[in-house]
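Structure first, commentary second.
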Amino acid sequence: MSGLDRRAVVAELLRDTSDTPGGELLVVTGLGSATYDAGAAGDRDENFYLWGAMGGAAMIGLGLAIAQPTRRVLVITGDGEALMGMGALSTIAARRQPNLAIAVLDNGQFGETGHQASHTALGTDLAAVAKGCGWAATATVTAMADVSALRTRLRNEALFAVIRISPAEVPRFLPIRDGARLTARFRDALGVPIG
């Protein structure tokens, strides 16, 4: 499977995060590559990395978007996690949360467990699934030239986007892994008091 350079894609999606309606973009990343790439694009207090919540990124993003309705929330995750949490697509579509967007980095593999073919390599079209669940806006991107326009849409629409990336391995960038520290810094960035 050919595809886009995932590190370059995520760097473009997270370029100029302060130019987002409502203030600094809030980012939730799924387990694995999405976390490595978001961290490599620039570790920020407004990034919430999930290290052990496989399948939960979309629902955590929904909860955050509901709790912070004036802020834009972007979930960046992989095809394996999106497949694991597929029921979330219906729940999020039914909620119609206008400040939430999801970008799925689809390499057709379960990268964290040995690069077995995922269901997207075997015929599952996640954008079509999201559309069937009721998402009003979906997109599939296969060319780097389209990522900049996608970046704008993800900042302004309730959009479910699939980005076809290369399965090639890139060096891992490991951002903060301490869950308590991540939570505290994210809460501080939101101005939410602890306790």
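Tell me the volume per residue, in Å³, of the convex hull enclosing the alpha carbons of the range 6-190. Don't jump to the answer; show the numbers that get you there.
On the way: hull volume 18.4 nm³, N = 185.
Once divided by residue count, the hull of the range 6-190 is 100 Å³.
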- [ ] Calculate, in nm to one decimal, what Val170 and Arg153 gain on full extension: separation in residues at 0.36 nm each, minus their alpha carbon distance.
- [x] 3.4 nm
Task: Amide H contacts of Leu4 (H built 1.01 Å from N, under 5 Å, at least 5 apart or other chain) - done: Ile165, Ser166
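Calculate for the chain the 222 nm mean residue ellipticity that helices alone would give, adding -39,500 (n - 2.57) per DSSP H run of length 4 or more and normalising by residue count, nearest 500 deg cm²/dmol. The partial results should precede the final answer.
Numbers: 8 runs with 74 residues, N = 195.
The per-residue figure over the chain is -11000 deg cm²/dmol.
Indicate, rounded to the nearest 5 percent, the antiparallel portion of the DSSP beta bridges found entirely in the chain.
On the way: 2 of 26 bridges.
DSSP beta bridges in the chain are roughly 10 percent antiparallel.
Values quoted throughout were computed directly from the atomic coordinates according to the rules given, and no laboratory measurement underlies them. Because the structure is predicted, anything quoted here is derived from the model rather than measured.
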